[in-house]
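Take a look at the structure set out below.
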Amino acid sequence: MDNRTHALAEKIWQFHQLNHQLQKADAILVLCSHDKKVAEKGAQLFLEGWAPLLIFAGGLGSVTREMWTEPEADQFAETAIGMGVPSERILIENRSTNTGENIQFTRQLLAEKQIDAQRFILVQKPYMERRSFATFRKVWPGKEVLVTSPQVSFDEYLGGVPER
């Protein structure tokens, strides 16, 4: 990648990060994917006491259906339990295949369990913060939502400093 392309890509990367200041919430909702660092970030936030409930949402999406047979949410929950999150504080939604369904099916799950969370911390990949925030606001209006992601630089996420 040449310098100009790298600079433009990094600018877009930065645009997608909202840099929300976290506040205590009713639930941490982790939008699952191929990136298990997102699971670790959600578990870390739970263990730090940001919310009493940790929700993983994700079945097999367009990328992971080619990689795995076990739903994303099930794998992410295993990661969190391995980090010390009690399984009874985790809810799993493992049918969704995209961001909109992640939110929609989680909304249905909480309604079924009669859980009326008002404020959410949404955890997603760094380049998906803005999209996830907009989708949440569209699919579940009236709820407060803050978005965060693993805090890594563009180059770190790509796996190192690119050749120039």
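The values are calculated or read from the model by the stated rules, or taken from the named source; none is laboratory data. Given the structure is predicted, the values throughout are model-derived calculations rather than measurements. Don't worry about glycine lacking a Cβ; one is built from the backbone with ideal geometry, like all the others, and counts go over all protein chains shown. All accessible areas refer to the heavy atoms of the entire protein, side chains included, with ligands and DNA or RNA removed. Shrake-Rupley method; radii C 1.70, N 1.55, O 1.52, S 1.80 Å.
Rundown of residues vs (1) touching a Cys at 6+ places or on another chain (Cβ under 9 Å); (2) charged (D, E, K, R); (3) touching a residue at least 60 places away in the same chain (Cβ under 8 Å); (4) under 17 Å from G58 (Cβ atoms), yes/no style:
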| position | (1), (2), (3), (4) |
| --- | --- |
| T106 | no, no, yes, yes |
| A111 | no, no, no, no |
| I115 | no, no, yes, no |
| I121 | no, no, yes, yes |
| K125 | no, yes, yes, yes |
| V145 | no, no, no, no |
| S149 | no, no, yes, yes |
| E156 | no, yes, no, no |
For the range 13-25, check the following and say yes or no: at least one residue is open to solvent by less than 20 Å² (accessible area, probe 1.4 Å) and modelled with pLDDT of 95 or more. yes
Note to self: So for the range 70-85 (the condition being among the aromatic types (F, W, Y) and open to solvent by 30 Å² or more (accessible area, probe 1.4 Å)), does at least one residue qualify?
What the structure shows: no
All-but-one check, L31 against (1) surrounded by fewer than 24 Cβ atoms within 10 Å (Cβ to Cβ); (2) under 19 Å from R107 (Cβ atoms), failing number (1)
Considering residues that are within 16 Å of the chain's Cα centre (by Cα) and either farther than 9 Å from N94 by Cβ or aliphatic (A, V, I, L, M) (or both), the number found within the range 61-75 is 5
Given (1) in contact with a helix residue (DSSP H, G or I) (Cβ under 6 Å, 6 or more places away or on another chain); (2) surrounded by fewer than 18 Cβ atoms within 10 Å (Cβ to Cβ); (3) within 30 Å of K11 (Cα to Cα); (4) at pLDDT 95 or above, V161 misses just (4)
